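Written below as structure tokens is the structure these notes are about.
What follows is calculated from the coordinates using simple rules that are stated; it is not laboratory data. Since we're looking at a predicted model, the values are computed, not measured. Quick reminder, even Gly has a Cβ in these numbers, built from the backbone with ideal geometry, and neighbours come from all protein chains shown.
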Amino acid sequence: MPGDERITAVSDSTETMAKESTIQSRKTSVVPEALHKSSGSAVPGTHLFNTPLDPEGTGEWYVAILDHQKYTDTCCEYITKRFQKQHCTCYVPCKQEMHVYANRTKRMVTKYVIPRFIFVTGISENQAYTVVPEWPHVCMFLPDRARARVYGRLALAKVMHRDLLKLQYVIDNIPSADDVTFSPDQLQFDEQIKVVRGDLKGLEGGYYKSDDNDYLVFMLGKLGNIKVRVSIRDCALK
């Protein structure tokens, strides 16, 4: 019957969509579900110099350090474009926020979570050493003094993609960049916590308390720790 044919067609279509959904969920299970909250849900302009990182991406990132006297929005944009012309991908940990001045005027400003740092991937260590003398805005690439020398020079520090993905998730969903700080020191903590509600739901790390503030702490490779100010009422022990 014609009606039966339509029912069969709808049933086949539904089954196909269910299979595609199952396949997609298997692909995205590599990364914690919370980190799949797109960057687009944050304050417009969060990725001033960036494109959102691939949730399923892998690999390692180097750290370019810019001249502090030239560390401006224009400089960051110039350097990231130069890297992109070299077929590299950059990530600048920053967030755009509305700032209200004393005269009540409002202006969108850029706040940098880790000033002077630009994370770069798609470049070799040997190529990275050639950037420093050619580009006046780049002071150096951060070395890793614990590793062996490469090409007669100190090897470069590396950050894993999953660590940057976690940092991006925090910056995109935190109310203010002032709630995120970078510390090169190794912080000590005894308890592991997980955010169970709120904008940072799903984020995990160590519990650290300082100056009557509660922080969730996680490592950013060997560079140091990222401290995220949280409400302990939104967290639970792991």
_To make sure I understand, if each residue's beta carbon is the centre and we count other beta carbons within 10 Å, what order do Leu187, Leu216, Leu154 fall in, fewest to most?_
Leu187, Leu154, Leu216
*Where in segment 56-88 is the amide nitrogen less than 17 Å from a point lying 7 Å along the Cα-to-Cβ axis of Thr130?*
82-88
*Given N residues in segment 86-222, what is Rg(Cα) / (2.2 N^0.38 Å)?*
1.26
*Based on the Kirkwood radius over alpha-carbon pairs, what is the Stokes-Einstein translational diffusion coefficient of segment 50-157 at 20 °C with 1.002 mPa s viscosity, in µm²/s?*
140 µm²/s
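With a cut-off of 8 Å between alpha carbons and a minimum separation of six or more residues, what is the relative contact order of segment 146-227 in percent?
Working: 104 pairs, mean separation 24.2, N = 82.
Computed over segment 146-227, the figure is 30 percent.
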*Which value results when the Cα radius of gyration for segment 174-238 is divided by 2.2 N^0.38 Å?*
1.02
_I need His161, His87 ordered by Cβ neighbour count within 10 Å, fewest first._
His87, His161
_Long pairs among Lys166/Lys194; Lys95/Lys194; Lys158/Lys201; Lys158/Lys227, criterion Cα-Cα beyond 18 Å_ = Lys95/Lys194; Lys158/Lys201; Lys158/Lys227
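Give the whole-number value, in cubic angstrom per residue, of the convex hull volume spanned by the C-alpha atoms of segment 55-109. Don't skip to the answer; put the middle values down first.
Numbers: hull volume 6.7 nm³, N = 55.
About 121 Å³ per residue, rounded to a whole number.
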*Which of Thr58, Thr80, Thr72 comes first, and how do the rest follow, when ranked by fewest Cβ neighbours within 10 Å?*
Thr58, Thr72, Thr80
